[in-house]
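> There's a structure below that I have some questions on.
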Amino acid sequence: MSTPVEPDASTGAAGAPPREHEPNRAQAGLTREYSRPEIRIEWYASRCIHAAACIRRLPTAFNPEHRPWIDVGAADPDALAAAVVRCPTGALQYERLDGGPQEEQSDTVQVTPVRNGPYVVRGPVELMNPVTRQMERETRVALCRCGQSKHMPRCDNTHRAIGFRSQP
């Protein structure tokens, strides 16, 4: 069995990233909600670095060429939830409204550096919001590694705009 290779963040992976040499321009609080009676999915655009994990997992429901780009009617709630938890940044989150399982929280924290990109953190994470000075609890987050994000400490794809290169 081969180990999956993380996409190179400098190329924008397989999603719909900003143009080369441009960071995300989404406002920090911008959120879209997509729901049906069984599940609600929230998208926090400013957290999205277009890794496209959701699209690769469930392209029938997550399609950036369509509007709305998330079609919650295109798959069952379990498949939608499984695609959402693949999001490395927490830009996608879900809540089961039908009593189905919520996102499982691990007791351990896992930090994975993405080549030429952010640190992807999974597990119980508390981040200090630099504006509100409030602690935010997360299960998935991409932390800026280039030091230039406009949404610190979160990654906003600025690493692509400045040509950030990590050590091999």
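The values are calculated or read from the model by the stated rules, or taken from the named source; none is laboratory data. Quick caveat: nothing in here was measured; it's all calculated off a predicted structure. Glycine also receives a Cβ, built like all others from the backbone with ideal geometry; neighbour counts cover every protein chain displayed. For accessibility, only protein heavy atoms count, side chains too; no ligands or nucleic acids. Shrake-Rupley method; radii C 1.70, N 1.55, O 1.52, S 1.80 Å.
> Quick check on my filter: what residues within segment 91-109 are among the hydrophobic types (A, V, I, L, M, F, W, C) and either more than 16 Å from the chain's Cα centre (by Cα) or open to solvent by 60 Å² or more (accessible area, probe 1.4 Å) (or both)? Lay out the reasoning, then the answer.
In the first step, residues of segment 91-109 are kept if they are among the hydrophobic types (A, V, I, L, M, F, W, C); the result is 91-92, 97, 109.
Hits for segment 91-109 are LEU97, VAL109.
> Report, by residue number, each residue of segment 110-132 that is surrounded by fewer than 19 Cβ atoms within 10 Å (Cβ to Cβ) and in a strand (DSSP E or B).
GLN110, VAL111, THR112, PRO113, TYR119, GLY123, PRO124, VAL125, GLU126, LEU127, MET128
> Going through segment 41-62 one residue at a time, which ones are touching an Asp or Glu at 6+ places or on another chain (Cβ under 9 Å), at pLDDT 95 or above and either of a type outside the set (Val, Ile, Thr) or under 25 Å from GLY117 (Cα atoms) (or both)?
Across segment 41-62, the qualifying residues are ALA61, PHE62.
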